[in-house]
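First the structure, in the form of structure tokens, and then the observations on it.
Just so it is clear, none of the values below were taken in a lab; they were calculated from the coordinates. Just so you know, these numbers come straight off a predicted model, no measurement behind them. No Cβ is skipped: glycine too gets one built from the backbone with ideal geometry, and neighbour counts run over all protein chains shown.
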Amino acid sequence: MADPVAISVNQVSKKFGHGKDAFFALEQVSVDIRENEFFTLLGPSGCGKTTLLRLIAGFEHPTTGHIQLRGEEISHLPPFKRPVNTVFQNYALFPHLTVAENIGFGLEMQDKPAAEIDSTVAEMLQLVQMESLRDRRTDQISGGQQQRVALARALAPHPRVLLLDEPLSALDYKLRKGMQIELKRMQLETGITFIFVTHDQEEALTMSDRIAVMNKGRILQIGSPTDIYDRPSHRFVADFIGDTNFLDGELIEANSEGAVVRLSSGKTVKTGPTDAAANTPVSITVRPEQAVLIEDLDAADLQGTVTNVMYSGTDSHFHIELTSKEEFVAKVQNAGPARRDWQTGQTVGIKFHSHVLQVVSD
Amino acid sequence: MANLHAAPVNKGKLFSIYKLPGFTFIAVACFLMLYAPILILVGYSFNSGSSLALWEGLSLRWYFAAWENETVQGATLLSLVIALQAALYSTVLATMAALGTTRTRPFRGQTAIYTMINQPLMVPEIVTAVALLIVFATIKQATGYQGLGFLVIAHTAFCIPFAYLPIRARLEDMDTSLETAAADLYATPWRSFRRVTLPLLWPGILAGAMLAFVISLDDVVITEFVKSAGQDTLPTYMLGQLRRVITPEMNAIASALLAVSVLLVSLIFLINRKKT
Ligand SMILES: Nc1ncnc2c1ncn2[C@@H]1O[C@H](COP(=O)(O)OP(=O)(O)OP(=O)(O)O)[C@@H](O)[C@H]1O
Ligand SMILES: [Mg+2]
């Protein structure tokens, strides 16, 4: 089922500067990206996303480690010898060339015959719906159109891998939503591996086959959107993607199926599997919508007092101070079956489904 | 908010140098001092009489006289030959220097090189002239070669910074990510230069070449020192003539030179404005 590996990044580190100014933009990064995959690098500003893309494209060379394309070492190749194309964040379109010439640039540099260049350019113009603007200069088209040209220019030579560095960040909300759908469509149509960079978690979740969450030059977790959202491995991942609650507890026992954690209330709950050792303090995470508020305090896993109720149309958020003084937020769908008439000051019980709790490391 | 904005504007008005008494007068006086002699010279080049002080009527007499003067013809030709070559060579060298100082990773001695390229702008021309005279005289004696080569080399050398400045300015304005994008799209460094850098750099190169051409065309000091016998350019010919009798023919030649310079400088201005 799994497609073969397109790009393999193996123990790659990248150091900038020397001596006491030395700074690792990437540390020991390893990841395998498969053929036909829509793979997203997600992380806060400065975490090394662009650096990793530049290493794959060949604009930088790794300080240590290896990068392979379909099993062939490419870390020593200059960018113009790698079958990898980039959609740059600022587009970097050639201002002295027309839309069509921009799109044909890669093929022209590969010395393809004129007829082939013409037909591929026509095909690409159609793919990005820009046929009518083929002879315009690139500074005479809108930002969204420039974005499409940049995409078509990078796709035209039919690279093995397409790198996209926050290609949508300059677009307004509506255009952005439209382009997200189009990007996904083009990826499916062309069958090219996409490595997509964003710091927008929602964009990452909706578009990707798999996501790598990065922080401070390291990859913390690689997984499908549901893996990342439902089973975050690190406190940072849980916090970066969506809203979440953290609870302190003590790990009682753990195996490959799952683990048992004692909460501050004294109750024990089942969680997903973890590497943490038994009898050690752990943090667990649970999303606001994964808790149920109940009246029966004996049946509840935790209890606390409602301190604040925030109504937001579709949902209500209940801020609860637990008996352990920890802060907890529960989200209840207003149209759903669960009770939602809790008042400030009321004592409530909180109940979890065992599969939604996840132990996270720091 | 409104007050914050208003304050500096008011302050600017209060202390504006333009409002100081006498400023306008000084500015106008400077302008007159600079341009009045030139205007008078141009005006008298159309004088029909042979006096430099008495206006006797409008005519192109002195332009025809200069045009038919064989010595003037020879000097003009020589000026053009030297200026064209100097412009060509200095522009090629300046382009390479500009690429070397903007398109490579910072290296040790980069500032030193930058200073050295601009040296002719800072060292007094007479010093360069004397130095060149001594070196070239030695070579002339050793080899017996007396040709135009010395003048071409000298002009090329002092034209380099003038060609370099607009080219470098253009390169610094240019987005390096375009060259990165070209490399990403399979362009070797040479093809990326030919297809992306050079076309975008072209206005800068053209401006540099024209500036070098004008500078070479107008040069007196270095040419006077370096030239061998019989190698008079237009400016050195004029200098020679002025030592004897001043005729309105000189006015005509000077006016023609002025026209060429003004034309080229305006062109440079236009090129740089259109392409930004
Ligand atoms: N050429 C360089 N020299 C020195 N430091 C660099 C260089 N390039 C990047 N860095 C540093 O490496 C770190 C990672 O940079 P990178 O551009 O990869 O971040 P990013 O994840 O793409 O961030 P953003 O979301 O803001 O684009 C940053 O701290 C940055 O300052
Ligand atoms: Mg970046």
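Summary of values
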quantity: Chain B - percent relative contact order, Cα under 8 Å, separation 6 or more; calculated: 29 percent
quantity: Cβ-Cβ FRET estimate between residue A:347 and residue A:177, R0 fixed at 30 Å, reported to 0.05; calculated: 0.10
quantity: Fraction of antiparallel bridges per DSSP, the range A:75-220 only, in percent to nearest 5; calculated: 25 percent
quantity: Residues whose placed amide H lies under 5 Å from that of residue A:282, excluding near-sequence neighbours; calculated: A:249, A:250, A:251
quantity: Cα-based helix-to-principal-axis angle, A:99-109 vs chain A, degrees rounded to 10; calculated: 80 degrees
quantity: Tilt relative to chain A, helix A:114-127 - C-alpha long axis, 0 to 90 degrees, to 10; calculated: 30 degrees
quantity: Listed residue pairs exceeding 19 Å between alpha carbons, taken from A:267/A:331; A:81/A:112; A:184/A:216; A:81/A:184; A:15/A:81; A:15/A:216; calculated: A:267/A:331; A:184/A:216; A:81/A:184; A:15/A:81
quantity: ³J(HN,Hα), Karplus 6.51/-1.76/1.60, whole Hz, each residue of the range A:340-345, x for Gly, Pro; calculated: 9, 9, 5, 10, 4, x
quantity: Other-chain or far-sequence residues with amide H under 5 Å of residue A:63's (modelled H); calculated: A:13, A:14, A:15
quantity: For B:184-197, mean number of other protein chain Cβ atoms within 10 Å; calculated: 6
quantity: Residue B:229-residue B:80 pseudo-label distance in nm [points 7 Å out on the Cα-to-Cβ vector]; calculated: 2.8 nm
quantity: Counting DSSP beta bridges with both ends in the protein assembly as shown, the antiparallel % (nearest 5); calculated: 75 percent
quantity: Shape category assigned to chain B from the gyration tensor of Cα positions, a/c cut at 1.5; calculated: oblate
quantity: Sequence-distant residues sharing a close amide H with residue A:87 (under 5 Å, placed H); calculated: A:163, A:164, A:165
quantity: Fraction of alpha-carbon pairs over 22 Å apart in the range A:243-360 - percent; calculated: 31 percent
quantity: Percent breakdown of C-alpha pair distances by 10 Å bin, ordered from the shortest bin, for the protein assembly as shown; calculated: 3, 11, 15, 15, 14, 13, 11, 7, 5, 4, 2, 0, 0
quantity: Proximal aspartates and glutamates relative to residue B:227, as straight alpha-carbon distance under 17 Å, when same-chain residues fewer than 8 apart are discounted; calculated: B:125, B:218, B:219
quantity: Rounded to 5, percent antiparallel among DSSP beta bridges of chain A; calculated: 75 percent
quantity: Using a Förster distance of 41 Å, the FRET efficiency for residue A:18-residue A:264 (Cβ separation, nearest 0.05); calculated: 0.25
quantity: Residue A:333 paired with residue B:38, simple spin-label distance in nm, labels 7 Å along Cα-to-beta-carbon; calculated: 8.1 nm
quantity: Using θ = phi - 60° and Karplus 6.51 cos²θ - 1.76 cosθ + 1.60, couplings along the range B:163-170 (whole Hz; Gly, Pro as x); calculated: 6, 5, 4, x, 5, 4, 4, 5
quantity: Kirkwood Rh in Å, taken over all unlike Cα pairs in the range B:104-202; calculated: 16.7 Å
quantity: Folded to 0 to 90 degrees: helix A:173-190 orientation relative to chain A principal axis, Cα; calculated: 70 degrees
quantity: Sum of side-chain charges, residue B:220 neighbourhood, beta-carbon under 15 Å (Lys, Arg +1; Asp, Glu -1); calculated: -3
quantity: Cross-link reach list, aspartates and glutamates versus residue A:270, counting only Cα pairs under 19 Å and skipping chain neighbours closer than eight places; calculated: A:227, A:230, A:248, A:250, A:253, A:257, A:289, A:298, A:301
quantity: Computed lengthening from residue B:52 to residue B:121, 0.36 nm per intervening residue step minus Cα-Cα distance; calculated: 21.4 nm
quantity: Calculated from backbone phi, Karplus (6.51, -1.76, 1.60) coupling profile of the range B:26-35 in Hz, x at Gly/Pro; calculated: 4, 4, 5, 4, 4, 4, 4, 4, 6, 9
quantity: Cβ-Cβ FRET estimate between residue A:160 and residue A:292, R0 fixed at 51 Å, reported to 0.05; calculated: 0.60
